[in-house]
Amino acid sequence: MFRRWGARLRAAGADRGMTTAEYAMGTLAACAFAAVLYKVVTSGAVQALLRSVVQRALDAQF
């Protein structure tokens, strides 16, 4: 009984993980997201916003 249950469990889990093509697509998607995020963060409007947030944090009165 336990042997059959173990064999079924192993057979069901035999297709776990990603293949090489899935790794490539995941890596490509992550790189594309990083490039878009870099462009957004380095834009003038976002830099000004971040600068003002940091400035207000440094000027905070405790």
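The values are calculated or read from the model by the stated rules, or taken from the named source; none is laboratory data. Quantities reported herein were computed from a predicted structural model and do not represent experimental measurements. Calculation scope for accessible area: heavy atoms of the full protein, side chains included, ligands and nucleic acids excluded. Shrake-Rupley method; radii C 1.70, N 1.55, O 1.52, S 1.80 Å.
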When you look at LEU28, is it aliphatic (A, V, I, L, M), modelled with pLDDT of 95 or more and either open to solvent by 90 Å² or more (accessible area, probe 1.4 Å) or not in a helix (DSSP H, G or I) (or both), yes or no?
-> yes
Please indicate, with yes or no, whether at least one residue in segment 1-14 is at pLDDT 95 or above and open to solvent by less than 70 Å² (accessible area, probe 1.4 Å).
-> no
